[in-house]
Amino acid sequence: MFTHFAFSDDSKHQAGEYNSLALVTFAARDAGSLKRQLDEILKNSQIDSEFKWTKLVQAKYRFAAQKIIDLVLQSNGRLRIDVLIWNINDSRHKNLREIPTHRRNDQ
């Protein structure tokens, strides 16, 4: 049985000097409640599919983003977001380019 869930996504920037990787984690016991809250935010924001940060140019995505950030800040640690940002041109970060990424598709 799982005790926690973790979801990650990378920025996949094709231009610029920075790249990033974000990880969202929460306890399995909180999954239902958090999903309901996130679904409600998307529904009230009239977002039919997944939330995409790249769409923040649209007002409904900006309002939804604020609500999602509020949810995280008010979650009292139940929902955690960690973000790594690195400069791809910085020689100290050279090894970060070589980190393999693995996806698990056993759902």
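The values are calculated or read from the model by the stated rules, or taken from the named source; none is laboratory data. On a predicted model such as this, the values are computed, not experimentally measured, just so you know. Methodologically, a virtual Cβ is constructed for each residue, glycine included, from the backbone with ideal geometry; neighbour enumeration extends over all protein chains shown.
Of all the residues that make up region 66-91, how many are modelled with pLDDT of 90 or more and of a type in the set (G, A, S)?
Selection size over region 66-91: 1.
Would you pick out the residues in region 40-66 that are surrounded by 11 or more Cβ atoms within 10 Å (Cβ to Cβ) and under 20 Å from D9 (Cα atoms)?
L42, I47, F51, W53, K55, L56, Y61, R62, A64, A65, Q66 - these are the residues of region 40-66 that are surrounded by 11 or more Cβ atoms within 10 Å (Cβ to Cβ) and under 20 Å from D9 (Cα atoms).
I'm told L71 meets every condition in (1) surrounded by 13 or more Cβ atoms within 10 Å (Cβ to Cβ); (2) of a type in the set (A, V, I, L, M); (3) part of a strand (DSSP E or B) except one. Can you identify the failing condition by its number?
L71 satisfies all of (1) surrounded by 13 or more Cβ atoms within 10 Å (Cβ to Cβ); (2) of a type in the set (A, V, I, L, M); (3) part of a strand (DSSP E or B) except (3).
Considering only region 22-54, state which residues are modelled with pLDDT of 90 or more, closer than 30 Å to D90 by Cα and not polar (S, T, N, Q).
A22, L23, V24
What number of residues within region 1-50 satisfy the criterion of being in a loop (DSSP other than H, G, I, E, B) and within 19 Å of R78 (Cβ to Cβ)?
Residues flagged as in a loop (DSSP other than H, G, I, E, B) and within 19 Å of R78 (Cβ to Cβ) within region 1-50 amount to 3.
Is at least one residue of region 21-32 more than 22 Å from K67 (Cβ to Cβ) and surrounded by 13 or more Cβ atoms within 10 Å (Cβ to Cβ)?
Within region 21-32 (the criterion being more than 22 Å from K67 (Cβ to Cβ) and surrounded by 13 or more Cβ atoms within 10 Å (Cβ to Cβ)), the answer is yes, since at least one residue qualifies.
Could you say whether any residue in region 9-19 is out of contact with any strand residue (DSSP E or B) (no Cβ under 9 Å at 6 or more places or on another chain) and farther than 22 Å from L84 by Cβ?
Within region 9-19, not a single residue is out of contact with any strand residue (DSSP E or B) (no Cβ under 9 Å at 6 or more places or on another chain) and farther than 22 Å from L84 by Cβ.
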